[in-house]
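First the structure, in the form of structure tokens, and then the observations on it.
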2 protein chains.
Amino acid sequence: MPNTAPSLRFVIVGGVAAGASAAARARRLDERASIAVLERGPDVSFANCGLPYFIGGEIRQRDALSVQTPQTLKALLNLDVRPSTEAVAIDRPNHRVQVRDLAGGTTSWMPYDRLLLAPGAVPVRPSLPGIDDPRILTLRSLGDMDRIKAAATSAAHVTVVGAGFIGLEMAEQLVRLGKNVTLIELADQVLPPLDRPMTQLIADELRRHRIDLRLSDRVVSFAATADTLVCHLASGTTLSTQLVILAIGVRPDTALARAAGLALSERGHLRVNDHLQTNDPHIYAAGDAIETTDLVTGTPSAVALGGPANRQGRHVADRIFRPAHTPPFPGVLGTAIVRVFNVAAGLTGWSEKRLRAAGRPFRTVTVNDNHHAGYFPGAKPLQLKLLWDPADGRVLGAQVSGLAGVDKRLDVLATALTGRLTIDDLAQLELAYAPPFGAAKDIVNLAGFAACNARDGLVTLVDALPADPAVQILDVRPPPLVQSHPLPVPHALNIPLGALRGRLGELDRARPVVTVCALGKSAYFAARILAQNGFQVTALAGGIRAHFDPLSPAKLPVP
Amino acid sequence: MPNTAPSLRFVIVGGVAAGASAAARARRLDERASIAVLERGPDVSFANCGLPYFIGGEIRQRDALSVQTPQTLKALLNLDVRPSTEAVAIDRPNHRVQVRDLAGGTTSWMPYDRLLLAPGAVPVRPSLPGIDDPRILTLRSLGDMDRIKAAATSAAHVTVVGAGFIGLEMAEQLVRLGKNVTLIELADQVLPPLDRPMTQLIADELRRHRIDLRLSDRVVSFAATADTLVCHLASGTTLSTQLVILAIGVRPDTALARAAGLALSERGHLRVNDHLQTNDPHIYAAGDAIETTDLVTGTPSAVALGGPANRQGRHVADRIFRPAHTPPFPGVLGTAIVRVFNVAAGLTGWSEKRLRAAGRPFRTVTVNDNHHAGYFPGAKPLQLKLLWDPADGRVLGAQVSGLAGVDKRLDVLATALTGRLTIDDLAQLELAYAPPFGAAKDIVNLAGFAACNARDGLVTLVDALPADPAVQILDVRPPPLVQSHPLPVPHALNIPLGALRGRLGELDRARPVVTVCALGKSAYFAARILAQNGFQVTALAGGIRAHFDPLSPAKLPVP
Ligand SMILES: Cc1cc2nc3c(=O)[nH]c(=O)nc-3n(C[C@H](O)[C@H](O)[C@H](O)COP(=O)(O)OP(=O)(O)OC[C@H]3O[C@@H](n4cnc5c(N)ncnc54)[C@H](O)[C@@H]3O)c2cc1C
Ligand SMILES: Cc1cc2nc3c(=O)[nH]c(=O)nc-3n(C[C@H](O)[C@H](O)[C@H](O)COP(=O)(O)OP(=O)(O)OC[C@H]3O[C@@H](n4cnc5c(N)ncnc54)[C@H](O)[C@@H]3O)c2cc1C
Ligand SMILES: CC(C)(COP(=O)(O)OP(=O)(O)OC[C@H]1O[C@@H](n2cnc3c(N)ncnc32)[C@H](O)[C@@H]1OP(=O)(O)O)[C@@H](O)C(=O)NCCC(=O)NCCS
Ligand SMILES: CC(C)(COP(=O)(O)OP(=O)(O)OC[C@H]1O[C@@H](n2cnc3c(N)ncnc32)[C@H](O)[C@@H]1OP(=O)(O)O)[C@@H](O)C(=O)NCCC(=O)NCCS
């Protein structure tokens, strides 16, 4: 007869990504454990990431967002899931949590052997004049979603504040609903985690869909009139709108942990060791509320994303129920992606701005290519920025934007970061190639080539055209392109790449040259010719992308 | 004044993938080198991989297949490219190649400092009775392509021999042209490099498009009549057809190398060291004609694919022109993919059959899931088979088939192989997730989970339902599915997963149990319940896939 006494009392605070994942895994590891999931909200185990798409109607069935319910979790996994139940205090010495039943209003104590805090994060709501207007909403739960969907029905104009991942998804979905949308972003770019040039495609796509994009601006106050809400912006502009969606970030929901004296980071995230254990060995933490380590550098890092939350929750169950077999949690990369209409962009690992801010040495290249063989119909343009450590060539991060295959390259690069691959490894990566799927040299290989070329001094890249009039600007594009899309500088000399070797005499050997083309490849070829002919030469990385039409299949310039 | 005397005479035999890549890179590394490319055929630098798609009309412009021409290679890279020119002998002691101008018929000697052999491979043409009929064609060059395209015009029925990558592409494209197609394959499966269960989706898709698929059969002779060609098959069947495409593999085109006394493998591939140098240090080799090392095991391996050929060619140029800066060629994985109508399949690294044949220890799991979050519209089913080394958990290979995202997972797994990642690493891989692109737990993560679960003894997987009547077969699918798609065995007991804990009494504790579901997940959940309740239990891996409809969005069974 199997032993049926509970092996361990496992209490989980938070019943969505990290919490529900921990509970599910715990049950598979231990049939006898007593597993309770406390969730303040009315719903558990729902797909937060799908919320914008139900608002916009792309996801049609609301119940598709409920991955599991308390009932299915009981039936399948024998979990004691308690929605509308808040953990209000932790009595650490006595290993018990104080629990409030939000429906009945009663409070009781629940003992635990192990406690998991998976409280997630809450949208930031800045204390601005007028912020309490009921037409200013945030999005985190199914309830928030219903409120926004209802409010959007009668709104002709909606203002989205914040052009991060959720703000962009909301802007897109609101356009889908036929709304006029203004999108306000404090930074001078959309998608602040990325480097600015890699967000250009997204910004263009927003504008192409008539989204009124206001960069380098912010709301300073709201004023309510009878039927509109007026947003006053820092730039002095005012904006009349019917609905405001605030999407300016989240903060960890760690008041309970703080009150219990658990160690928090400056930004309020729970501090955990590499087994996701807090400073109280009986209390674990996972998901948006924690700070873990960065996989690339080993420094502290807080990543508020669904994948890490799910795997961290599962990890905690492993750690509690089979500690001897559980390797340390490896840390996070911050791999993220967003789709905006026809384009996508994302990153993995470190960006240039983050490396600069941390004062870490790095080098970088940006390359352009098609998402699959250019000769096969439907090839779409793709741009990839790679960052690596000059000391050993190890990849530090990457960003990708384009019309197709963005997710694939990010995933390859995230895997490369996990495997600590170098730019030499990327150059030799053997990816799947048949014409509908890739190219004999994938853009990831090209990025590896270009990075090795830069490292090895075969080419010196510059990011902008020089202001110094002493530098000769050599445009190697074919003359028709030069005419239709002239360089935004005077005095550029046009010698098409194919004629360059015969026309070197037109250049002044005594003065430096910068070579320029559309996408960066011909400029590199030209720079190689000039360098070996005694010129002091640099090449404009990534090209001027002047005739780059993201909506038609890319054709790399035949120089 | 720069020095303009040639630095080195570099002669290249073969002007397509490996040869042209080496020439192009060599020029970028050295403006002064004399670089000659000898090509027997009339065309250089063409996209072999696109040939089937021009035949089928999916690629419309023939000149899209000419990536470069001798003229553009001259203009851009100052290369001396000689089409219709064959290297007929190598005088190794005197460092010279004998060259025949196939148009003029003249022969001359060309000196080299370094020679690259990139002769590629030729389609296998078995010596069967009747094989010389002009209606029996192979596909390797633009000329072959034109011949097949012309011959197909008047053919109502075409027979493709060989269901490997090229045979499948041809079969698909011929259907696109409205032909009746018979596809004959010696093995008992399509795509012989993959393990059989992973090719089922492709086989079904071929049949769904009315391709007459004949597995475990082969042509033994051809007989010509006035307007048809009769194929006699080993099975005794005969087949009347108008055109035969032979796609039964390639052999390295190394007669020239053999005559020159260079070291070849048993199968005729050029043997090279890890700098792609033959046993003559002045002679390098690259592409389909060589045997290099397997990246996973370090054993000899010949991979005839475009990506490796391009990168090997480039590597040889690096090795010759900047040897001090060139790391060893890392070896090959054999990452390959094919699209067949709406489905795709491919592999990277080692298959089960190859591991078995080599007597190498391995373990394996197969998992099923959606290609992106199931709650987001358009989710398509995907199947992934993972193989790993039981000694250290290192991934040895993977196969993927499905309707979308197959290439992405293969590329992630190829990168994982390059980084020598383990199944634990796959479980924690942080891939890009937003609903249109992935899932919080990608199928690659699931494969990692399932592999770790198998390794750690949380579940014992079986590949087939047991024949032994003493074993209890427990079907945990919901009753409606059991009724619509009954198990192909008698005496199965149906207890839906959600009711299992309450109905354990219906099972006999003295006899072993195998749990069964649709896709493998519920059977695993059920096995965990039974194992912890004292049962001796195994789970059917990958499920019975009985109600698996590859053409409708996958919905994992809600048990
Ligand atoms: C609109 C939106 C879109 C998103 N899109 C993506 C995406 O595309 N990709 C991606 O990777 N991630 C996305 N995310 C982020 C992802 O949803 C989160 O990273 C993930 O849900 C975090 O999981 P968690 O378990 O830490 O927190 P949550 O999922 O927020 O769950 C925490 C739960 O704990 C409960 N709780 C808190 N305190 C208590 C308490 N004291 N007592 C009881 N219960 C408590 C909360 O009510 C909450 O339900 C998105 C998020 C949102 C809101
Ligand atoms: C129909 C088809 C589809 C394919 N699809 C794919 C795919 O989807 N993905 C993929 O990765 N790969 C694919 N391949 C394989 C890929 O094309 C080859 O791996 C690649 O072309 C090999 O490059 P190579 O330079 O070694 O040989 P080749 O490209 O064959 O070039 C060798 C050249 O050398 C010439 N030559 C030989 N001997 C001499 C001599 N003595 N003198 C002068 N010239 C000589 C030959 O005429 C030939 O043109 C496909 C191949 C074919 C035929
Ligand atoms: C769904 C949820 C309750 C977790 O439940 P879960 O049972 O762990 O998750 P899944 O249904 O994905 O199943 C995963 C399990 O099945 C196994 N599995 C999945 N497919 C399998 C297959 N084909 N064969 C064998 N095993 C399989 C996995 O190994 C894993 O088991 P393990 O953890 O014991 O290794 C939780 O993740 C959740 O609430 N998610 C929604 C909220 C959320 O994630 N929000 C943020 C993103 S939108
Ligand atoms: C095309 C071919 C002649 C090679 O020429 P190539 O100039 O080396 O190749 P590409 O045009 O792809 O250019 C690659 C070069 O441009 C560079 N490059 C590409 N895009 C770049 C960008 N956006 N910025 C900077 N550099 C870039 C790469 O680094 C590489 O240079 P490197 O080798 O010096 O590092 C040869 O591959 C070929 O003949 N291919 C067709 C046949 C074939 O491959 N068949 C099998 C598959 S179908």
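Between the Cα long axis of helix A:142-153 and the first principal axis of chain A there is an angle of about 60°, rounded to the nearest 10. By the count of neighbouring beta-carbon atoms within 10 Å, fewest first, A:L243, B:L458 end up ordered B:L458, A:L243.
For B:R503, inter-copy separations between label points set 7 Å beyond Cα along the Cβ vector come to 8.1 nm, shortest first. Is the stretch B:80-133 best put as rounded, prolate or oblate by its Cα gyration tensor, with a ≥ b ≥ c the root eigenvalues, rounded for a/c under 1.5, and otherwise prolate when a/b is larger than b/c, oblate when not? Prolate, since a/c reaches 1.5 and a/b exceeds b/c. Chain B versus the axis that turns it onto chain A: the residue with the nearest Cβ and the distance in whole Å amount to B:G419, 1. Each Cα pair under 8 Å and six or more residues apart adds its separation to the average, and for the stretch A:51-124 the resulting relative contact order is 15 percent.
Relative to the Cα centre, the charge distribution of the protein assembly as shown, modelled as +1 at Lys and Arg Cβ and -1 at Asp and Glu Cβ, gives a dipole magnitude of about 80 debye. B:P479 sits among other residues whose Cβ lies under 15 Å from its own Cβ, and their net charge, with Lys and Arg +1 and Asp and Glu -1, is 0. Given +1 at the Cβ of Lys and Arg, -1 at the Cβ of Asp and Glu and no other charges, the dipole of the stretch A:124-236 around its Cα centre is 160 debye to the nearest 20. If R0 is 60 Å, what FRET efficiency do you get for B:D80 and A:R267 from their C-beta distance, rounded to 0.05? Approximately 0.45, to the nearest 0.05. Dipole of the stretch A:245-291 computed with +1 at Lys/Arg Cβ and -1 at Asp/Glu Cβ about the Cα centre; of A:A255, A:G268, A:I245, farthest Cα towards the positive end is A:I245. Between B:R258 and A:S240, the modelled label-to-label distance comes to 8.6 nm, taking each label 7 Å out from Cα in the direction of the beta carbon. Qualifying GluC sites (Glu not before Pro) in the stretch A:252-360, where qualification requires a DSSP coil assignment and no more than 13 other C-beta atoms within 10 Å, comprise A:E266. Mean per-residue shielding of peptide A:27-37 is 3, counting Cβ atoms of other chains within 10 Å of each Cβ. What's the angle, to the nearest 10 degrees (0 to 90), between helix B:17-29's Cα axis and the longest principal axis of chain B? Once rounded, one gets 60 degrees.
In chain B, what % of DSSP beta bridges are antiparallel (nearest 5)? Just about 55 percent of them are antiparallel.
Ranked for footprinting exposure by Cβ neighbours inside 10 Å, fewest first, A:H157, B:H491, A:H325 give B:H491, A:H325, A:H157. Label-point distances for B:G178 to the equivalent site in the other copies, using a point 7 angstrom along Cα→C-beta, read 4.3 nm when ranked shortest first. For the peptides B:163-172, A:217-226, the ranking by packing is B:163-172, A:217-226, with the highest mean count of neighbouring Cβ atoms within 10 Å listed first. Distance from the C-alpha centroid of the stretch A:122-152 to that of the stretch A:517-533: 52 Å, rounded to the whole angstrom.
The simple spin-label model puts a point 7 Å past each Cα toward its Cβ; for A:T106 and B:R356 those points are separated by 6.1 nm. Taking a ≥ b ≥ c as the square roots of the eigenvalues of the Cα gyration tensor, the stretch A:183-328 is prolate, since a/c reaches 1.5 or more and a/b is larger than b/c. The distance between label points at A:L504 and B:H485 comes to 6.8 nm (points 7 Å beyond Cα on the Cα→Cβ vector).
What percent does the relative contact order of the stretch A:187-299 come to when contacts are Cα pairs within less than 8 Å and at least six residues apart?
This gives 13 percent for the stretch A:187-299.
Per residue of peptide B:535-545, the mean number of Cβ atoms on other chains within 10 Å of the residue Cβ is 0.
The other copies place their A:D63 label points at 6.0 nm from this one, listed shortest first, where each point is 7 Å from Cα along Cα→Cβ.
Computed over the stretch A:1-156, relative contact order equals 25 percent, with contacts defined as Cα pairs under 8 Å that lie 6+ residues apart. Charge dipole of chain B (Cα centre as origin; +1 on each Lys and Arg Cβ, -1 on each Asp and Glu Cβ, all else neutral): 360 debye, rounded to the nearest 20. Between the helical axis of B:406-418 and the longest alpha-carbon principal axis of chain B there is an angle of about 80 degrees. Is the C-alpha gyration tensor of the protein assembly as shown telling us rounded, prolate or oblate? Criteria: a/c under 1.5 is rounded; beyond that, a/b larger than b/c is prolate, otherwise oblate. Because a/c hits 1.5 or more and a/b fails to exceed b/c, the protein assembly as shown counts as oblate.
Take each residue in B:520-529, count the other chain C-beta atoms within 10 Å of its C-beta, and the mean is 2. If both residues of a DSSP beta bridge must be in the protein assembly as shown, then about 55% of such bridges are antiparallel.
Separation of the stretch B:291-312 and the stretch A:349-408, taken as the distance between their Cα centroids, equals 26 angstrom. Considering only B:A379, B:A434, B:V367, the residue lying farthest towards the positive end of the dipole of the stretch B:365-435 is B:A379, judged by Cα position with unit charges set on Cβ.
Residue order for B:K74, B:K380, fewest other beta carbons within 10 angstrom first, comes to B:K74, B:K380. In this structure, the pairs whose alpha-carbon distance is over 23 Å, taken from A:K385/A:K441; B:K149/B:K380; B:K380/B:K408; A:K380/B:K385, are B:K149/B:K380; A:K380/B:K385. Summarising the amide proton neighbourhood of B:S265: residues at separation of 5 or more, or on other chains, whose placed amide H is nearer than 5 Å comprise B:L270, B:R271. The stretch B:488-512 and the stretch A:235-258 have their alpha-carbon centroids 53 Å apart. For the protein assembly as shown, adding -39500 (n - 2.57) for each run of n ≥ 4 DSSP H residues and dividing by the number of residues yields -7000 deg cm²/dmol at 222 nm. Shown in residue order for the stretch B:531-543 are the 3J(HN,Hα) couplings computed by the Karplus curve 6.51 cos²θ - 1.76 cosθ + 1.60 at θ = phi - 60°: 4, 7, 9, x, 7, 8, 9, 10, 10, 6, 5, x, x Hz (x for Gly and Pro).
Bear in mind these aren't lab numbers, they're just calculated from the coordinates by the rules spelled out. None of these values were measured; they are calculated from a predicted model. Ideal geometry is used to build each Cβ from the backbone, glycine not excepted, and the neighbour counts take in all protein chains shown.
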